[in-house]
There are 2 protein chains.
Amino acid sequence: MSLTALTSNDARLIEQGYPDTDSRAFRRCLGQYPTGVAVITARHNGKLLGMAVNSFAAVSLDPPLVLWSIRRESARAADFCEAEHLAVNVLSANQVQVSQWFGSAHPDRFQMAAWEPDAHGAPLLDGAIAHLECRRHAVLDGGDHFILLMRVERHASYQGEPLLFAQGQYAVTQSHPYVLASREATATAPASDVAVVPLLRLLSIANQRMSAQFQQHREALGLNTSSTRVLNKLGVGACSVEELERLTYLGHEAVEDTLADLQAHSYIAKDAAGRFELTRSGRDTNAAIAARSAAFAAGKLQGLSESDVAAAKRVLLALQDR
Amino acid sequence: MSLTALTSNDARLIEQGYPDTDSRAFRRCLGQYPTGVAVITARHNGKLLGMAVNSFAAVSLDPPLVLWSIRRESARAADFCEAEHLAVNVLSANQVQVSQWFGSAHPDRFQMAAWEPDAHGAPLLDGAIAHLECRRHAVLDGGDHFILLMRVERHASYQGEPLLFAQGQYAVTQSHPYVLASREATATAPASDVAVVPLLRLLSIANQRMSAQFQQHREALGLNTSSTRVLNKLGVGACSVEELERLTYLGHEAVEDTLADLQAHSYIAKDAAGRFELTRSGRDTNAAIAARSAAFAAGKLQGLSESDVAAAKRVLLALQDR
């Protein structure tokens, strides 16, 4: 056992507890494990089924098995459990909207999303980075969920980056910074002084470092990424839960949890129309974030010439449009 | 059904097949779904157990259940399945080494990693972003794997970013670019012209766009991120599989698959000591990547003044060290 363990973990603790006494805190903790987003589809009794989940997991290669879970209480649980053929669509980073349509059981989701049926009529969504065409293998008892074990009969992979769901919000992947750093050291990059590849690496490393550091300022105000993002949106005007979900790229549960948390701190309140708006204290908090980010900015850029910073912005803006 | 589906998917197809006839291709397809990395630990019969997995999934809130899978043929399967108490450690972005130690069953892994025992002796790893203390609930049949369903008795979350495993390689999360773009539009950012927060957003958006575009150049050469990375490392000198795994931040299976693929293309060969080295054709391919990246660079930076680009690099380099 290490001697350094206790102190280092304690300093970073967000929350701890017992799932039997606080299932919301438990759900937040489960959200620490990042996942992709898969839309499970089927055609059953002539009806199209589709649901965005992040409980997908690979299980076995031989036989080829995968699994996912659905709430017993879900109105669609019986249909999904009875469907003999199902498809898994692994969503790409471009498919946040698709994830939201299938997360909320939007009535027009099969009109809005482009798809084609597989051999058994299960919708294969256009733009996904993988399709798995499956046959039901077993339905297992998973507490308040059913675990659907499915046998994969056919698979296809497509170019694209995966969509991520991590710590309650949609995200995308980027190369691990250590890879970038080590590629820097041993690069086969061209010798040209204006090569964009080294510039890209610089971008990525600087970006990582700054984001991680600013995170500490949020935490010093008792905020996290989710609450900062919700406060930011409410700073523009009152929003409903659905609007916040769409605007913040947070998951439904993360929005609800964050709103409950911000209400408990009296940062927000419901207006007459039932939408959420900032209180005086919420506006003050937004101002405090802005002040911190200004101070953070000034500190980071200290010693750099204004003309260099302006030039850097010109370069970054130009790269955005190319 | 959409009319646009077929063509758009076809253009992006990487590979398709039947898991029963090619389980390696199936495994690569499963790798399209991104996951976190969890180290499952236990103390059983006085012996410490630890294994890095990416098959972890949340299942149920009430009762609180999670699951993961272990190969039936694993030497440690019996111990893990018999252990009554187990812990899940969700790794942070800083724990690639920990993931590698526990992925390879490194003999000194419990000496090298810092940890403390939970109430039942299961190691809780220092630096993880979540700890779940669990009791075995059920061991289910999962084909060539056992599915371990575990009841969570206690949980804790810690500050930090998650480690990702996506498309065969270690990665980290970043905010979804649409979020960044919409924050740009409605920002509560300070008015100061040199604020680093807007600069950060510019960084992140430019970085995203350039990475995605350069990906297309790799693909035009029949390469992907993994093969480019392995060729890059071998350009520095011959490596063993283990060295490549450590140096490239690719997973063990991705390294093996990539090596098999590069050998099939005659880009690499084994040297007298059994390590892999570039062939003439492999060196030519590395040179072609370098030439493409130089051309890409020149194209992207065209029209920007050399002094602006140099200034941008000064700013990014300075930000890296702050």
### Query
In degrees between 0 and 90, to the nearest 10, how far off the longest principal axis of chain B does helix B:196-220 point, with axes built from Cα atoms?
90 degrees
### Summary
Given a Förster distance of 25 Å, the FRET efficiency implied by the Cβ-Cβ spacing of A:S74 and A:R135, rounded to the nearest 0.05, works out to 0.75
### Percentage relative contact order, region A:20-104, counting C-alpha pairs under 8 Å, at least six apart
34 percent
### Task
May I ask you to give the average projected area over all directions of the convex hull of the Cα atoms of the protein assembly as shown, in nm² rounded to one decimal?
28.7 nm²
### Task
Take each of the peptides B:165-173, B:100-108, A:266-274, average the number of other beta-carbon atoms within 10 Å over its residues, and list them starting from the highest.
B:165-173, B:100-108, A:266-274
### Query
Rg to Rh ratio, region B:35-165, alpha-carbon atoms and Kirkwood radius?
0.92
## Note on the structure
If each K or R counts +1 and each D or E counts -1, the residues other than A:D144 whose Cβ falls under 9 Å of its Cβ total 0
#### Entry: Shielding score for B:165-172, defined as the mean number of other chain Cβ atoms within 10 Å
6
### Query
How many nanometers, to one decimal and shortest first, lie between the label point of A:D141 and those of its other copies, if labels sit 7 Å from Cα toward Cβ?
1.7
### Query
Restricting attention to region A:18-127, which GluC sites (Glu not before Pro) occupy a DSSP loop and are surrounded by at most 16 other Cβ atoms within 10 Å?
A:E73, A:E84
### Query
Taking chain B as a Gaussian network, where each spring joins two C-alpha atoms under 10 Å apart, which residue of B:V53, B:V98, B:V309 fluctuates the most?
B:V309
### Query
Shielding of B:34-41 by partners, i.e. mean partner chain Cβ atoms within 10 Å per residue?
4
### Query
Put the label 7 Å from Cα along Cα→Cβ for A:A105; what are its distances to the other copies, in nanometres, shortest first?
4.6
### Task
Please give the FRET efficiency for B:L13 paired with A:A212, using the beta carbon to beta carbon distance and R0 = 51 Å, rounded to the nearest 0.05.
0.90
### Message
Which entries of A:K300/B:K300; A:K313/B:K313; A:K313/B:K300 have Cα-Cα distances beyond 22 Å here?
### Response
A:K300/B:K300
### Task
Go ahead and estimate [θ] at 222 nm for chain B from helices alone: -39,500 (n - 2.57) per DSSP H run with n ≥ 4, summed, over the residue count, rounded to 500.
-13500 deg cm²/dmol
## Note on the structure
Most fluctuating of B:A11, B:A130, B:A113 in the GNM of chain B (C-alpha, under 10 Å) is B:A11
### Task
Enter the mean number of other protein chain beta carbons within 10 Å of the beta carbon of each residue in B:236-243, as an integer.
1
### Task
Could you grab the relative contact order for region B:35-165? Cα pairs under 8 Å, six or more apart, rounded to a whole percent.
32 percent
### Message
Placing the label point 7 Å from Cα along the Cα-to-Cβ direction, what are the distances from A:E82 to the equivalent spots in the other copies, shortest first, in nm to one decimal?
### Response
4.4
### Summary
Taking Cα atoms only, helix A:252-264 is inclined relative to the longest principal axis of chain A by an angle, in degrees rounded to 10, of 50 degrees
### Task
Quote the relative contact order of chain A in percent (integer), defining contacts as alpha-carbon pairs under 8 Å separated by 6+ residues.
13 percent
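Read the figures in this text as sums done on the coordinates, not as results from a lab. Keep in mind it's a predicted model, so treat the numbers as computed, not measured. Neighbour counts run over all protein chains shown; Cβ positions are idealised from the backbone, glycine included.
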